[in-house]
Amino acid sequence: MRKFVLQSVSVVIGFGLLGTTPALADPVTVTGGHVTATMTHGTFTLTGDGLFLSGSPQSGYDSGLWECAPCRASDRLNLSLSSSADGFFEEGLPGDFNHVHYDQTWLTGHLEFTAGDMTSAILDAGQTSISMPFTFFGEIANYDSFASLARAPNGSAPLFVATFTGSGIATAHFRGPVADPDGALFFADHIDYDFASAAATPEPASLLLLGTGAMGLLARRRLRRNVQG
């Protein structure tokens with residue numbers, strides 16, 4: 001019964017987080033933390049100045065990466081490392097916001113991670129992950145109990161509402177290869193998002209150089225094995 005109520009609340013709250021509680025004027029910058037996004041579940045931890053919020057989206061994360069289920073390098077699929085999550089984010093976990101500690105948080109809202117695309121053509125036994133920069137935007141409201149959350153937005157106002165921004169490095173992970181007559185199969189497993197301060201996030205060009213350097217080393221190794229064979 002609770003699961004049905006939570007799903008209903010998520011739909012109602014979705015685009016009406018503000019309710020009667022004013023949000024902070026400026027977005028809160030997330031400077032640390034980690035997110036693991038999967039199709040059916042996943043977790044998030046957001047940290048910063050006076051900030052520590054964590055949760056687990058009940059319906060997982062939406063992402064174009066899940067189109068690889070499975071896929072082959074020869075498919076040359078264009079796969080996105082972006083993802084999003086909406087709704088209710090776990091229940092009763094401790095947290096800190098704006099230097100105020102909460103013994104329990106009842107969070108709901110929207111998380112949006114924007115990153116670049118990759119192609120399945122790069123996948124092979126020695127290349128089952130790829131990294132690139134991401135940017136983050138989120139809207140989160142916190143209630144004092146499950147009962148308050150269930151009554152929102154008509155009866156209870158949240159303890160706080162805020163928007164969040166951040167950036168860092170996204171890494172897509174794949175399982176495989178699995179032998180198949182038509183070509184090795186790979187399965188999108190999860191995406192890790194590691195937050196960092198703006199100064200610590202490499203520019204896309206830097207990651208491109210790292211990626212092309214790694215692929216160059218891989219190509220040289222293959223050439224050496226062919227020559228030796």
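The values are calculated or read from the model by the stated rules, or taken from the named source; none is laboratory data. Fair warning: this is a prediction, and the values are worked out from it, not measured in the lab. Here the Cβ is made from the backbone with ideal geometry for all residues, glycine too, and neighbour counts use every protein chain on show. Quick note on the areas: whole protein, heavy atoms, side chains included, nothing else; ligands and nucleic acids left out. Shrake-Rupley method; radii C 1.70, N 1.55, O 1.52, S 1.80 Å.
Please specify each residue of region 108-128 satisfying the condition of being open to solvent by 40 Å² or more (accessible area, probe 1.4 Å), in a strand (DSSP E or B) and closer than 15 Å to PRO70 by Cα.
The answer is THR119, and nothing else.
Please list, ordered by first then second residue, the pairs with beta carbon atoms under 8 Å, 6 or more apart or interchain, first in region 181-198 and closer than 15 Å to SER80 by Cα and among the hydroxyl-bearing types (Ser, Thr, Tyr), second crowded, with 20+ Cβ neighbours inside 10 Å and at pLDDT 95 or above.
From region 181-198, the pairs are TYR193/VAL35; TYR193/ALA37; TYR193/PHE113; TYR193/PHE134; TYR193/PHE136; TYR193/GLY168; TYR193/ALA170.
Any idea which of SER54, SER63, SER83 is touching a helix residue (DSSP H, G or I) at 6+ places or on another chain (Cβ under 8 Å), under 30 Å from ALA172 (Cβ atoms) and at pLDDT 95 or above?
SER83
For the condition touching a strand residue (DSSP E or B) at 6+ places or on another chain (Cβ under 9 Å), buried (at least 24 other Cβ atoms within 10 Å of the Cβ) and farther than 13 Å from ALA141 by Cα, what is the one hit in LEU81, LEU77?
Every option except LEU81 fails the conditions.
Could you list, in sequence order, all residues of region 170-200 that are under 16 Å from MET39 (Cβ atoms) and open to solvent by 60 Å² or more (accessible area, probe 1.4 Å)?
Passing the criteria: only ARG175.
For region 130-159, give me each residue that is under 24 Å from the mean Cα position of the chain (by Cα) and either loosely packed, with under 15 Cβ neighbours inside 10 Å or among the aliphatic types (A, V, I, L, M) (or both).
ILE130, MET132, ILE140, ALA141, LEU149
If you scan region 53-71, which residues turn out to be surrounded by fewer than 18 Cβ atoms within 10 Å (Cβ to Cβ) and within 21 Å of PHE89 (Cα to Cα)?
SER56, SER59, GLY60, ASP62
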